[in-house]
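Beneath this line is the structure, given in C-alpha cells, with notes to follow.
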Amino acid sequence: MSRNTFRISHSFNKLPKTVARSFLLFLLLVSSSSPALSKQSQTSSDLSTNSEILRQFTSKLKSYPAFEMKFSMVVDGSELEGVVQSQGESFRLTNSQLELYCNGATKWVYNIDNKELVIMSNDLSKTDLMENPLAFLSSLEKGYTYSEKPRSVTESGKVVWKIELKTVNKKLAYTSITLVVEKSSLKPLAVEYLAKNGTRHVARISYFVEKKPWSASYFSFPESRMNGLNVTDLR
C-alpha cells in the first residue's frame, strides 16, 4: 500500500463503513468509461445481452458533456443523501459527512466531521480504487464476471435491467455490485452493494440529468474553506 493510499484509507476508516463504501460505489458509477467499449448505437429494445447493455450504458454516460445525480441510501437506520456531479475527468461528490473534489489533476478528500482535508495528485497511472477510481474502473472488464443473459424486472412501476457484477478479487470487502438501469432510457436508478457478510446496501438514484459544463474551478476545493482545517498535502 502506498503512502497516499494509507492516508486516504485512514480518512475513510473514520467514517461509518457503509458511508465510505457507498461513496466508492458512486465513484465507480460516475466514472463509468472504458476505452475498450464500442460506441455503436442501439436502441434499448435491441439489447439482448448484458455486455450490450453495459456497453450502451457507459457509452451514454460518456456522451454527456456533464451530468448531475442525487442519491439516497439507508445507513444505520438513517437515510443518507448525496449529490454527484461529473464532467470529463473532473467530478464532485458531497454528502453530510464527506466531500470529494477532483479536477483531473488534483484530488481533495474532506472528512467533514473531523475537519480533515487530504490533498493529492490525481495519478492516472494508479489503478487502486482509493487513489484513482477512474483508472480502477477501466479494468472492470477483467475484475468482474457476469452472466450474458439480461434480467428484466419491474420496480416502482418502471421496467429495469438488473446486472450483477461478481468480483474476481476475493480480497475485496464486497462480493458483487448490481446496477439497476431503466430499460427505456438506460439511466441509472440504483446501485446495490453485497458485502462479504451477506449485508446488502442499496443506493437509489432519485435524480439524473445532463448539465451544461461547469467552470474548471468548480471541481477544486475552495482555498477560502481551508482555514481551520487539518490539511495534509501529499502533492
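The values are calculated or read from the model by the stated rules, or taken from the named source; none is laboratory data. All values derive from a computational prediction rather than experimental measurement. As a convention, Cβ positions derive from the backbone with ideal geometry for all residues, glycine included, and neighbour counts pool all protein chains shown.
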_Which of the numbered conditions does Ser96 fail, given that it passes all the others? Conditions: (1) modelled with pLDDT of 90 or more; (2) surrounded by fewer than 16 Cβ atoms within 10 Å (Cβ to Cβ)._
(1)
*Tell me, which residue of the stretch 141-168 that is within 16 Å of Leu54 (Cα to Cα) and of a type in the set (A, V, I, L, M, F, W, C) is surrounded by the fewest Cβ atoms within 10 Å (Cβ to Cβ)?*
Leu165
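Looking at the stretch 70-91, can you tell me whether even one residue there is basic (Lys, Arg) and either assigned to a loop (DSSP other than H, G, I, E, B) or within 24 Å of Val231 (Cβ to Cβ) (or both)? Talk me through it step by step, then tell me what you get.
At the first step, the residues of the stretch 70-91 found to be basic (Lys, Arg) are 70.
Okay, now just the ones that are also either assigned to a loop (DSSP other than H, G, I, E, B) or within 24 Å of Val231 (Cβ to Cβ) (or both), so none.
Looking for residues that are basic (Lys, Arg) and either assigned to a loop (DSSP other than H, G, I, E, B) or within 24 Å of Val231 (Cβ to Cβ) (or both), one finds none in the stretch 70-91, hence no.
If I filter the stretch 66-91 down to residues being of a type in the set (D, E, K, R) and closer than 17 Å to Ile205 by Cα, which single residue comes out as surrounded by the most Cβ atoms within 10 Å (Cβ to Cβ)? Spell out the reasoning first.
Residues of the stretch 66-91 of a type in the set (D, E, K, R): 68, 70, 76, 79, 81, 89.
Filter once more, so that each one left must be closer than 17 Å to Ile205 by Cα: 68, 70, 79, 81.
Numbers: Glu68: 17, Lys70: 14, Glu79: 9, Glu81: 12.
Out of the qualifying residues, it is Glu68.
May I ask you to say which residue of Asp113, Asp128, Asp123 is of a type in the set (Asp, Glu), at pLDDT below 70 and assigned to a loop (DSSP other than H, G, I, E, B)? Working first, answer last.
Details: Asp113 fails: at pLDDT below 70; Asp123 fails: at pLDDT below 70.
Every option except Asp128 fails the conditions.
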